Structures are given as structure tokens and as C-alpha cells.
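The values are calculated or read from the model by the stated rules, or taken from the named source; none is laboratory data. Here the structure is a predicted model, which means the values were calculated and not measured. Cβ sites come from the backbone with ideal geometry, for glycine too, and all protein chains shown count toward neighbours.
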Amino acid sequence: MGLFEKLFGRKGRVLQLNAGRGAGFETLTAYTPSFSSWRGQMYESELIRAVVDAIARHVSKLRLEMIGSANPALRAALKKGANSWQSMSQMLYRAATIYYLCNNCPIVPEIDEYDQTVGFFPVLPQQCDIIEVQGTPYLRYTFAGGKRAAIEASRCTIMTRHQFKDDTFGDSNSALDTTLALLDLQKQGVEEGIKNAATFRFMAKLSNFAKPEDLAKERKRFNKENLQGESNGILLFPNTYSDIQQVTSKPYNIDPDELKIIQNNVFNYFGCNEKVLQNTAIGDDLDAFFDGCIEPFAIMLSEGLTRMTYSPREIGTGNRIEAVANRLQYMSTGNKIALAQQLGDRGILTIDEIRELFNYTPMPDGTGQHVPIRGEYYFADVGKEVKDGQD
């Protein structure tokens, strides 16, 4: 089975869907829901690409955990990677990139020969819409290469951002058009300024010429003798020229404060900041970034993968998929040491959990699962007094 068949199953599903082509899925707004990938210019902006990359890199540090005993085949497959082509971090990075650039990130299942879900794959369709076939809603994807496929809506999920007008899909990023235009104008202004700085222009009065033809001939002669060939280094003006002046052009560049406002517009739009962009955020700054940006993405991803993987009965018995991260990794080294001392001494963290704070591997002999407790602390039943020397 190829990539297309592994994601959307055998041809039977597509043929069944084509039989019902044209059937729409009516929403509360009486509008046929669909979305098209927004023009590619956003990712060509250096600042926006850097912001999306910074967010996606932090998202890629999440890990998927399956809780419950259902779907053991998927549990085994996820130990190797998110799907047959991507590692877990690659899948998460791409999902976050699509999500922030398109405000919609469809995730479809990888399907084995038994029609069972064995992985997850974020797709970037040129267009996605919902149609109804024999009472079942399908998500139909149209890709840039011309291929078209569909899968039951219940077997996939679409993570959305800025969802308002549409019942199913998020809005476009057109609100950022003005900021993108200003960033592009600033870039063009810098380029033109560099070009103008490498050129010299003069103006002068030219006397004793009555005919336009004579004036044109003199202009050509001057250019040929002074500006062409090997006549470089000095300009020679005969006495027919007077009031010779150099023409200087001063390109307009956006004021640094104005440029900062434009950049902050991008940071505000994506929920990022300059410290995160330059990898200088630590401690509370990085924790705030996690709370406002990474954690909402993780929650939406967890809920979406859970719904597309488990039946309502399996979810009701406690089966779920969670995208989690060790938030303590965001702390500074000094804070980690203090945390390890306080929580480790009181038996709240195991040895392996303390080692994980500093990116150390677990203890090889299994002793890392033990809980260290200082001698002056005791386990006590509520309401009973503990004396020195007692068990």
C-alpha cells in the first residue's frame, strides 16, 4: 500500500464517495463548509517563518501517551513513530506549522490492511470540504497534485484557530495582510537604499545650446567619455557646464520604534515574543509561553486524537490520548536544583524524575523508582503523634 492508500484506505471508500458527489453537508449557518489553504506568502516572510518555527520546535517536544488498554496495535506502532514516514517530533512540528499558517490542521489516520488505525498524519490539502454520503459526513480533500480523496469525518480531526464565521473550519489569516505589506515595504526600502548608495548622480546647467538635438548629442558624448569603458575614476566637466551639483537621495526607512510595533503585531497575532524567538526565554517567561501557546495546542490535539481513535464507549471507560510535556524542563537550572531539593527530600519526586529534570537517563538497575526521604521526615497517620525512633 502506498502513502495515499495508507492514509485514505482502499479505493472502495473513494468510489463509494464519488457515487454521492454533489451532496452537501448543511450546517447551522446554511453554508457548505470548506476551507482553502491561504496563499503561500506568509511562510515566505522571514519574521513569520521564524515565529512559526519557534512555536513548532517547542510543540515538537510534546509526547503522545495512550492511557487505557484499548487499541494495542496503535500503542505498539506509536513506539516507533507517529506514522510510517515521520517520527513523533516531525509529526508534531508539521502539525503546528500547518495549524498556525492555515488556521486549520487536518489529521488523518494511517490505516493498515485490516482498516485499523496505526498512526497519525497531518495533511495539507489545497482545499477541504464536508459532504454527506448516505447520511454519513465525509471530509473530502483536494491536493495540489490533483488527487482527491475522502474519509469519514469521525475517523479524522481538524484542529482550528480563529473559528468564528464557519461552524467547522477556522478563518483565514487575512487580518495580517496589512502587517505583511508593511514588512515587505520595509524590506524593499532597505534594498533600494543599498542600490542608491552605490550610484552617483549629478545635475548641471548646459550653456550655448539652442537646439534640442545638440543637447541630446552632448548628453550622449558626456556619458560615453565619462561613464563607459575605462573612463572611470573622475568626471570631467568642460566650461559649458555650470552650477554642478551632486544629486543625493535619502531612502526612507521605518523608524525603529515603528518597526518594533510592526514586529509586535506579528508576536501578538501568534502568541509569541522576541525572547522565545531568540531562545533566551527561561523560567517564568518560558512557562508563560507554555501556558498561553503550547498547552492550548496540546489540549486540542489530545482531544482530537482521542475522538478519532476511540469509540464513545472506550472513551467512557477511561481510554484517551494525551499530548504531554515535562513542564519542569522549562525552569532555569537554579530553580531545578531548588525544586529537586525541596520535593526530593520530601519524597514527592522519585530519583528518576529528578534525573529527568536535568536530562539524565533513568537509573539502569531500576533503583530510580525509589523515593528519597530525609531522616527527619516520617510517614504518619492523621491524628497520631510520631516520636523519634518509631517506625
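Evaluating HIS58 against the criteria (1) part of a helix (DSSP H, G or I); (2) surrounded by fewer than 20 Cβ atoms within 10 Å (Cβ to Cβ); (3) under 23 Å from the mean Cα position of the chain (by Cα) leaves one unmet condition, (2).
When restricted to residues that are touching a residue at least 40 places away in the same chain (Cβ under 8 Å) and outside any strand (DSSP E or B), the stretch 116-139 contains 6.
Within the stretch 300-320, residues that are hydroxyl-bearing (Ser, Thr, Tyr) reach partners that are part of a helix (DSSP H, G or I) with beta carbons closer than 8 Å, at six or more positions or on different chains, in the pairs THR306/ILE315; THR309/LEU74. Pairing residues of the stretch 272-299 that are closer than 15 Å to ALA56 by Cβ with residues that are of a type in the set (Val, Ile, Thr) and surrounded by fewer than 19 Cβ atoms within 10 Å (Cβ to Cβ), at Cβ distances under 9 Å and at least 6 apart in sequence or on separate chains, gives ALA298/VAL324. Scanning the stretch 96-115 for residues that are free of Cβ contacts under 8 Å to residues at least 40 places away in the same chain and under 25 Å from MET42 (Cα atoms) yields a single hit, ILE98. Within the stretch 153-183, the residues that satisfy the criterion of being assigned to a helix (DSSP H, G or I) and either of a type in the set (A, V, I, L, M) or free of Cβ contacts under 8 Å to residues at least 12 places away in the same chain (or both) are ALA153, ALA175, LEU176, ASP177, THR178, LEU180, ALA181, LEU182, LEU183.
Yes or no, residue by residue, for (1) of a type in the set (Phe, Trp, Tyr); (2) modelled with pLDDT under 65:
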residue: ASN223; (1), (2): no, no
residue: ASP243; (1), (2): no, no
residue: ASN253; (1), (2): no, yes
residue: ASP257; (1), (2): no, no
residue: PHE270; (1), (2): yes, no
residue: ALA281; (1), (2): no, no
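Contact map, the stretch 81-95: residues that are assigned by TED's automatic domain parsing to the domain that holds GLU110 and under 11 Å from ARG63 (Cβ atoms) paired with residues that are polar (S, T, N, Q) and outside any loop (DSSP other than H, G, I, E, B), Cβ distance under 9 Å, separation 6+ or inter-chain. Pairs shown: ALA82/SER89; ALA82/GLN90. Screening the candidates ARG374, ARG327 for the property of being farther than 24 Å from PHE121 by Cβ and either surrounded by 13 or more Cβ atoms within 10 Å (Cβ to Cβ) or at pLDDT 80 or above (or both) yields one hit, ARG327.
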